[in-house]
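The values are calculated or read from the model by the stated rules, or taken from the named source; none is laboratory data. As the structure is a computational prediction, the values presented were derived from the model and not from experiment. Neighbour counts are summed over all protein chains in view; Cβ atoms, including those assigned to glycine, are modelled from backbone coordinates with ideal geometry. For the accessible areas, the whole protein counts, side chains as well, though only heavy atoms, and no ligand, DNA or RNA atoms are used. Shrake-Rupley method; radii C 1.70, N 1.55, O 1.52, S 1.80 Å.
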Amino acid sequence: MSRFHWICESTDGAARAGMLHTAHGPVATPTFMPVGTVGTVKAMTMDAVRSTGAGIVLGNTYHLMLRPGAERIRAQGGLHRFMDWSGPILTDSGGFQVMSLGALRKLDQDGVTFRSHIDGSYHRLTPESSTDIQHALDATITMCFDECPALPAPPETIAASMRMSMRWAARSREAFVQRTGYGQFGIVQGGTEQDLRTESVKALTDIGFEGYAIGGLAVGEGQELMFATLDTTVPIMPQNAPRYLMGVGTPDDLLGSVQRGVDMFDCVMPTRAGRTARAYTERGTLNLRNARHATDARPISPDCDCLACSRHSRAYLHHLFRANEILGPMLLTWHNIAYYQRLMRQIREAIIEGRLDELATTLRANWAAEDWTEDEMPQPAIPPVP
Ligand SMILES: [Zn+2]
């Protein structure tokens, strides 16, 4: 069995193409991880997820500990077997979800007590219990339990929160059971304050993890400030370990973050959009509920080999969403995940071939075209006049 490690294969500027080796197989990076919060990538079968080329999926400690419970999943052979995903799984620590419960939670230096959003029952998560639960789930990648303050917040609030998260990171590491092919990631906090981010990177690298995540971004600060934070934080992170930007983002966010040296992403956007009739394409986004798709016989995207694009028209998808048929979200989620995976493959190839900036210019120009109307369909390239 492979030990858990990441190998850099190519660089292009700050961007990296690499391979993450794990107990559950390798993952080519940069990679986008579809979100499978409660043990399912919503509206998709696991065969559909696999068909998009996804290499790793996400699960969530908070949701799974409440229902069906970590011990029940362990008794069923772990999360891989339970959800029929033999590849690597990364589990969120539950910290982010618990923090977003607001009045339903009480935070202290040892951990968090909270009430279940399902039945109001009381539960407690600490760095130790979160790590234990992720072990019971058999997560390939365990995340440290941390606190993620909402932005904007005063610097002293962010500093105190970050320092507590760093103490929790040390406790999470202590509780982590080392197994061949399994890893644990520390999470860099510190809001958009550079001195705090620097202090956080140092605290985590002193402890030592198999990978490092950047948390506390994409929480309302905007893309410009997010990129500015990456510009100063990523270069001081370890070179030989994977870097994971949590909860990000749009196709443009992914591209810009890869250009700044990020290797891994997760986000609910493509799955959530798929349930609300929004399609991501090479030419921006489409809302399939719009009347103009009602008679459109073209696929969502001619370049996509997902089931929605290879077998169905925009008119059919429009009809499914208007009729509230469950197949609409199923097909469109599949398409959106297929698009995100294709985008990551394109980006990875461009890094290897040293033409990422060129690809980025083309991608951004096409996304800016927004809705893909009839006369904007790509025409066959006309050869330049010699
Ligand atoms: Zn498609």
Inset, instruction - Go through the chain and flag any cysteine with no other cysteine's C-beta closer than 4.7 Å, please. - result: C8, C144, C148, C267, C306
Inset, instruction - Run the accessible area of segment 182-257 with a 1.4 Å probe and give the carbon-and-sulfur part as a rounded percent. - result: 52 percent
Inset, instruction - May I ask you to list the trypsin sites (Lys or Arg not before Pro) in segment 325-368 that are in a DSSP loop and have at most 14 other Cβ atoms within 10 Å of their Cβ? - result: R355
Legend entry - Within a Gaussian network of the chain (alpha carbon springs, distance under 10 Å), most fluctuating of T91, T157, T333: T157
Legend entry - Relative contact order (percent, whole number), segment 94-169, Cα cutoff 8 Å, 6+ residue spacing: 26 percent
Legend entry - Beta bridges by DSSP in segment 191-348, antiparallel share as percent, to the nearest 5: 45 percent
Inset, instruction - State the antiparallel share, in %, of DSSP beta bridges confined to segment 22-132, rounding to the nearest 5. - result: 60 percent
Legend entry - Tensor-based shape of segment 225-334 (alpha-carbon gyration tensor, a/c under 1.5 rounded, otherwise prolate or oblate): prolate
Legend entry - Using θ = phi - 60° and Karplus 6.51 cos²θ - 1.76 cosθ + 1.60, couplings along segment 162-177 (whole Hz; Gly, Pro as x): 4, 5, 5, 4, 6, 5, 5, 5, 5, 5, 4, 5, 4, 7, 6, 8
Inset, instruction - For segment 1-154, state the semi-axes of the equivalent ellipsoid (square roots of 5 times the eigenvalues of the alpha-carbon gyration tensor), sorted largest first and rounded to whole angstrom. - result: 28, 20, 14
Legend entry - For the chain, fraction of C-alpha pairs farther apart than 27 Å, in %: 50 percent
Legend entry - Positive dipole terminus of the chain, leading residue within V234, T361, G94 (C-beta point charges): G94
Legend entry - segment 92-116-segment 275-308 distance, computed between alpha-carbon centres (Å): 39 Å
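Which length gain, in nm to one decimal place, applies between A315 and R81 when the Cα-Cα distance is subtracted from 0.36 nm times their residue separation?
80.5 nm
When only C-alpha pairs under 8 Å and at least 6 residues apart count, what is the relative contact order of segment 13-97, in percent?
Averaging sequence separation for qualifying contacts and normalising by length gives 30 percent for segment 13-97.
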Inset, instruction - Using a 10 angstrom cutoff on alpha carbons, build the Gaussian network for the chain and name the most mobile of D296, D206, D266. - result: D206
Inset, instruction - Could you please report the charge total around D253, scoring K, R as +1 and D, E as -1 over all other residues with beta-carbon less than 13 angstrom from its beta-carbon? - result: -2
Inset, instruction - List the relative contact order of segment 41-192 as a percent without decimals, with contacts defined as Cα pairs under 8 Å and 6+ residues apart. - result: 22 percent
Legend entry - Whole-percent carbon and sulfur share, accessible surface of segment 1-41, 1.4 Å: 54 percent
Inset, instruction - Please say if segment 194-266 is rounded, prolate or oblate, where rounded means a/c under 1.5 for a ≥ b ≥ c the square roots of the C-alpha gyration tensor eigenvalues, and otherwise the choice is prolate for a/b larger than b/c and oblate otherwise? - result: prolate
Legend entry - For segment 53-60, 3J(HN,Hα) per residue [Karplus equation, 6.51 cos²θ - 1.76 cosθ + 1.60, θ = phi - 60°, Hz, x = Gly/Pro]: x, 4, x, 8, 10, 9, x, 10
Legend entry - For segment 81-189: rounded, prolate or oblate by the Cα gyration tensor [a/c cutoff 1.5]: oblate
Inset, instruction - Would you mind checking the tilt of helix 327-352 against the longest principal axis of the Cα atoms of the chain, expressed as 0 to 90 degrees and rounded to 10? - result: 80 degrees
Inset, instruction - For the chain, give the share of DSSP beta bridges that are antiparallel, in percent and rounded to the nearest 5; count only bridges with both residues there. - result: 50 percent
Inset, instruction - Whole number in Å², please: accessible area per residue of the chain, 1.4 Å probe, ligands, DNA and RNA not counted. - result: 42 Å²
Legend entry - FRET efficiency, 1/(1 + (r/R0)^6) with R0 56 Å, evaluated for R345 and D132 via beta carbons: 0.95
Legend entry - Centroid-to-centroid separation of segment 167-213 and segment 25-55 [C-alpha atoms, Å]: 25 Å
Inset, instruction - Answer with one residue from M166, L107, I351: the one whose Cα lies farthest towards the positive end of the charge dipole of the chain, charges on Cβ with Lys, Arg +1 and Asp, Glu -1. - result: L107
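Just add up the charged neighbours of E156: K/R +1, D/E -1, any other residue whose Cβ is under 14 Å from the Cβ of E156.
Working: positive: R163; negative: E193, D195, E199.
Once positives and negatives cancel, what remains is -2.
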Legend entry - Among I337, A43, V201 the positive-end extreme of the charge dipole of the chain (Cβ point charges): A43
Inset, instruction - Please find, in a Gaussian network model of the chain (springs between Cα atoms separated by less than 10 Å), the residue of H80, H123, H293 whose mean-square fluctuation is greatest. - result: H123
Legend entry - Under 13 Å, Cβ to Cβ, from V35 - net charge with Lys/Arg +1 and Asp/Glu -1: +1
Legend entry - Accessible carbon and sulfur surface of segment 60-174 relative to its total accessible area, %, 1.4 Å: 53 percent
